[in-house]
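The values are calculated or read from the model by the stated rules, or taken from the named source; none is laboratory data. No experiment lies behind these values; they were computed from the predicted model shown. Cβ: placed from backbone, ideal geometry, glycine included. Neighbour counts: every protein chain shown.
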Amino acid sequence: MASKEKTISKKLRIERTYPETLQSHFVSNIVVQHQPDFFVLSFFEVWPPAIIGETDKEKQQELEGLDHVDAKCIARLVVTPSKMKEFIETMSNNMANYEKMIHDQRGS
């Protein structure tokens, strides 16, 4: 005979902390990949190369000599589909709030 265990639960408040060693990065490139059971979000920091030259022609020659810019992966997150959906909803709500704030500031 299988025993039935009673499930107990309690809601706990989440207190977010930011370690002193946490670094902030400027994310200018994001790659999203997925598998059946998870999503992989890769965040990259990409900075334009320094183009140095005395004349526009020198600057153009230096630019034409480049074949790529480096994109440094500064964080990689793996999330479940349900957490990804929550993330998208949160980001959409935040973007709408941001756009309303900007609109209100410009209208004032």
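Does Ser24 satisfy the criteria of being closer than 20 Å to Phe87 by Cβ and among the small types (Gly, Ala, Ser)? Don't jump to the end; show me each part of the working.
Values: closer than 20 Å to Phe87 by Cβ: yes; among the small types (Gly, Ala, Ser): yes.
Spelling it out, Ser24 is indeed closer than 20 Å to Phe87 by Cβ and among the small types (Gly, Ala, Ser).
Go through (1) out of contact with any strand residue (DSSP E or B) (no Cβ under 7 Å at 6 or more places or on another chain); (2) charged (D, E, K, R); (3) modelled with pLDDT of 95 or more for Lys4 and report which single condition fails.
(3) is the only condition that Lys4 fails.
What residue, of Phe26, Phe44, is touching a Lys or Arg at 6+ places or on another chain (Cβ under 7 Å) and either of a type outside the set (Val, Ile, Thr) or outside any strand (DSSP E or B) (or both)?
None of the other options fit; the residue is Phe44.
So which residues in region 50-107 are in contact (Cβ under 8 Å) with a residue 24 or more places away in the chain and more than 15 Å from the chain's Cα centre (by Cα), if there are any at all?
Asp70, Thr80, Pro81
Considering only region 68-82, I want to know if a residue exists there that is in a strand (DSSP E or B) and of a type in the set (Gly, Ala, Ser). Step through it out loud before you land on a result.
Here is the first cut: in region 68-82, the ones in a strand (DSSP E or B) are 71-79.
Restricting the remaining residues to those that are of a type in the set (Gly, Ala, Ser) gives 71, 75.
Scanning region 68-82 turns up at least one residue that is in a strand (DSSP E or B) and of a type in the set (Gly, Ala, Ser).
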